[in-house]
Structure formats: C-alpha cells, structure tokens
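The values are calculated or read from the model by the stated rules, or taken from the named source; none is laboratory data. Predicted, not measured: the structure shown is a model, and the values here were computed from it. Glycine also receives a Cβ, built like all others from the backbone with ideal geometry; neighbour counts cover every protein chain displayed. Calculation scope for accessible area: heavy atoms of the full protein, side chains included, ligands and nucleic acids excluded. Shrake-Rupley method; radii C 1.70, N 1.55, O 1.52, S 1.80 Å.
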Amino acid sequence: MAEEAKTQRDESLLYHPEHGCAALPEAERRAMEGYCEDYKRYLDAARTEREAVSEAIRLAEAKGFVPLTADTAFAPGSKVYWSNRGKALLLAVVGAEPLSAGAVVAAAHVDSPRLDLKQLPVYEDSELCYFKTHYYGGIKKYQWLTIPLALHGVVVRRDGAVVEVCIGEDPADPQFVITDLLPHLGADQMKKTLSEAIPGEGLNLLIGSVPDAAEGTDRVKYAVLKLLHEKYGVTEEDFLSAELCAVPALPTRDQGLDRSLIGGYGHDDRVCAYAELRAILELEKPRRTAVCILADKEETGSDGVTGMQSQAFEHFMDRLCRSQGVELDECFAASFCLSADVCNAFDPNFPEVSEKRNNARLNYGVGICKYTGARGKSGTNDASAETVGYLRKVFAENGVAWQMAELGKVDQGGGGTVAKYMANRNIETIDAGVPVLSMHAPYETVAKFDCYMTYKAVKALYLD
Ligand code: MN
Ligand code: MN
C-alpha cells in the first residue's frame, strides 16, 4: 500500500485576527496607558457638546491653533479652528499640497444621549420639587433612574447675559436623581415591558423638598427658585431660553482587575472625537490638509445648524479653498473622510443579537464598519471595497490593529452615523471607531487598546 503523502496547511490562506494586548510591546503599552489617562481627563471635562468643544479649543490653542477669521492667512502648516456656535468644532492643519489634491477629514460627534430640561421645567407635587425633562438621543429610559445626575448647560437671561451652569460634578456639590418604585410595590410595573415601564413623562429630576417660610402656594418650588436666583440671577421665565442637560454624574474610571477597560459617560462618540483631536494636534505639516470635525446633533439625526447636514462644513472648507483659489467641489471630489464613530462590541451576555463572525470585539483594535443602516442596508453609506482596501493598506503600514465591525445580526435593528452625510457631499467616506459595550447607557465601557488604536488609525490617515 502506498503511503499517503502528509500535507501541511498553508495558514496564510486563513484570516487570523489576534487579541491586541496579548503581545503588546512594553513601549506601546506605556504609550497606550498615557494616551488613555489623557482621554479620561478629556471625557471628565466634556460632559456636553458645548464642554467638549470648549475643552478641545483649550487644548488646540495650547498647540498653536488660532481662530479662523476673515483675514486669516494660510500657509502649509497653518493651524486653524472654527467654533460653530460653541457646539461643534472644525479644525484644520494646512497641507503641503493644495486643496485640489483633497483634504483628509475625520468626523466624530460630541453630543451624547442625555436628559434635556423642558423649557418650563420646574414644578411642585406633594411638597417635592422637580425638573421635567425630554430625553435626547436613543436611550433605554429605565437606565436613568436611581443614578446620580449632574446639571450642565447655559441659561440666557432676559438681559441677554449667558449664564453657565454646572451642578453636581464637584464633590461638594449636590446632585439630582430620578426615583424608582420600590420592588415591594412594583408588581404591576414589573409586568410591563422595559420600554413601557418608565414613560417619558416619568423622567423627572428631584430637586428640592423644603418649603419657603413665606405664605403662598408651591412653597418648595418657590424656595428652589430663590436658590437659583441667588446663585445664577435667573428667574423661572429665564428657563424658556435655556439649554440645560442632566447627565450622569459618574466619573470616568478604569474598569476590571487588569485595568484594561474604561468606564464612563459619553464614550459615544467622544472617544473617537478625542482620537481625532489628539491626532490633529500632533501634526506639523502634513502632505494633504488635515481636517478634524467634532459635530453636534448626530444622536438626533445630524439636523440643525451644528449637525453634519448643515452647510457649516462647506462654509469652513470654502474659506480654506478660496485662499488657494481652489473650487470647493474639486476639493471634495479628491477628499477622503473617516467617519470616526463607535461600533458595538460583541457582548457574551447578549450573544443572540450579534453574528459572532462579523461583530467587533473588545481589544481587537479599531472597528471598520463598511456599512451601517437597517434591514437591507437602508440608510447606509456602504463604503466601497477599494476604500476598505485603502484602510487595510494604511493600517498595515503603520502598525494599526483593526478589525471589521457590523451593527448586530441582519434584521436585528440598526443605526447610522454621519458617514452618509459626508459621502453625499461627494467625499469618499468610511466608518471606523472604537467598539463599545452598553452603548448609549449612562455608563459605557471601552477597551484601552481600541481607544489607542483608533487614535493611531486617524493619525496614520492624516499622515498618509
Ligand atoms: Mn455615535
Ligand atoms: Mn450614538
């Protein structure tokens, strides 16, 4: 009998994604830890889109960025920023090549799900005083009960003065809470579905319980308004022109015994916003002009003057293009955009919603999302094979760990990003970002390795 020839498998035929931290060189690990400490500080300072923008401006000015004005002169290496009404930010470092060669754009958003106060929010019931809220973005309402909440935002007084409000972050500050029913009396509530159990009009913040000494109705409410007037000079009518948000008062912390994870509020999408920001702040004179977008209103559909559907982006880019005598459409056609937004990480506690082979995992690097959308890829950008191939090449050349990502099983649900609004401008666009556990919860979880790799990914593209 002839002996059968022993054959060996050619492993290079198979795709073998690897856990990023298993063999991370020590120098890279230190760089990752340092980066993540800086990110944690940024996230703690950026609880709203306004704060994310003002903190980004502070960091940018320290690196020599100047506000864009009508007479800003541009030369290769010029660093400029433009604050879009304090709620969105555009930064650029002018490249050596003209804008006819296109810009390298990275677009993240800095708004996160939260509870906005209604315009007439203060009321008293049973000698307890409350703020009424209207939630912003996609939330699971039950998650926002019985957690400490802080109040951030601005009040525009009748005299035009803009008063900044921040209550609940300083350890000496009071905080706020939305109460829940005790389980002893929760039998009827527990029979309801998670989406029905807590009605939107039930998300009311408890803000006071002691009545004012003066005679009259609603004495607790009056006492609370007196306190607000003493501290901020505001009256009940001033709430009509206010933007106040209740956000989780939960500081950003390492998670896990091995400290490999970061827990915090608003990773979606400030984790990608910081990656972009950090990358552009480190540029000196890139080949192509680098543009960093920190957008607002993504969580409500990118509408509005500070959202990515706004012409504000054209306004900024046109200023740069005109300075070089380049047509805006010529620049867009040659540009590339990384829509840097988070994706969902595979969660072994909920395996049924994901298709394991194609879902992003923690610690496997930046997640490239070729398409988002719902059902038959409805509402998606769906980047081309060539664009995915371009990222593979740049990431391989620059030591960026990456993986493919998809938003859950087919027909399980869906979602979107700013990608389609960028692509609709005739800019080649693809989604990539940090995989997140518990996305849109008051406290989300990411892996440090993926945060760091997303920063490296954006920087590699800026420098390509
Ligand atoms: Mn997002
Ligand atoms: Mn989101």
Cross-link reach from LYS79 to lysines, straight Cα distance under 26 Å and at least 8 residues apart if same chain, gives LYS40, LYS63, LYS87, LYS285, LYS297, LYS456, LYS459
With a 1.4 angstrom probe the carbon and sulfur portion of accessible area for the chain, in percent, totals 53 percent
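If you roll a 1.4 Å probe over the heavy atoms of the protein chains, what accessible area per residue do you get for segment 166-314, in Å²? Intermediate results must be reported in sequence, preceding the final value.
On the way: 7320 Å² over 149 residues.
Accessible area per residue: 49 Å².
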Stretched fully, the stretch from ASN424 through GLU37 gains (0.36 nm per residue minus C-alpha distance, one decimal, in nm) 135.7 nm
Rounded to one decimal in nm, the spacing of the 7 Å Cα→Cβ label points at THR300 and HIS19 is 4.3 nm
Within segment 345-424, DSSP-loop trypsin sites (Lys or Arg not before Pro) with at most 13 other C-beta atoms within 10 Å are LYS356, ARG357, ARG375
Quick tally, 1.4 Å probe accessible area for THR445, THR217, sorted with the most first, runs THR217, THR445
Computed curve, segment 188-333, Cα-only Debye sum without solvent term, log₁₀ I(q)/I(0) at 0.17 Å⁻¹, is -1.19
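Nearest 500 deg cm²/dmol is fine: what mean residue ellipticity at 222 nm does the chain get from its DSSP H runs of n ≥ 4 alone, each adding -39,500 (n - 2.57), divided by its residue count? Don't skip to the answer; put the middle values down first.
Details: 11 runs with 125 residues, N = 464.
Mean residue ellipticity, 222 nm, calculated: -8000 deg cm²/dmol.
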Distance in Å, no decimals, from the C-alpha centre of segment 335-398 to the one of segment 11-75 is 20 Å
Over segment 295-356, the quotient of the Cα radius of gyration and 2.2 N^0.38 Å is 1.69
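Can you work out the FRET efficiency for the pair LYS409 and ARG322, with r the C-beta to C-beta distance and R0 = 41 Å, to the nearest 0.05?
Values: r = 47 Å, r/R0 = 1.15.
About 0.30, to the nearest 0.05.
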The computed P(r) of segment 114-248 puts the percent of Cα pairs beyond 23 Å at 37 percent
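Note down, for the chain, the three equivalent ellipsoid semi-axes (square root of 5 times each alpha carbon gyration tensor eigenvalue), biggest first, whole angstrom. Write down the numbers at each step before the final one.
Working: eigenvalues 334, 182, 73 Å².
In descending order, the three semi-axes are 41, 30, 19 Å.
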Dividing the mean separation of Cα pairs under 8 Å (6+ apart) by the residue count of segment 114-248 yields a relative contact order in percent of 39 percent
The relative contact order of the chain, taking Cα pairs under 8 Å that sit 6 or more residues apart, comes to a percentage of 21 percent
Length gained, ASN349-ARG85, 0.36 nm per residue minus C-alpha separation, equals 90.9 nm
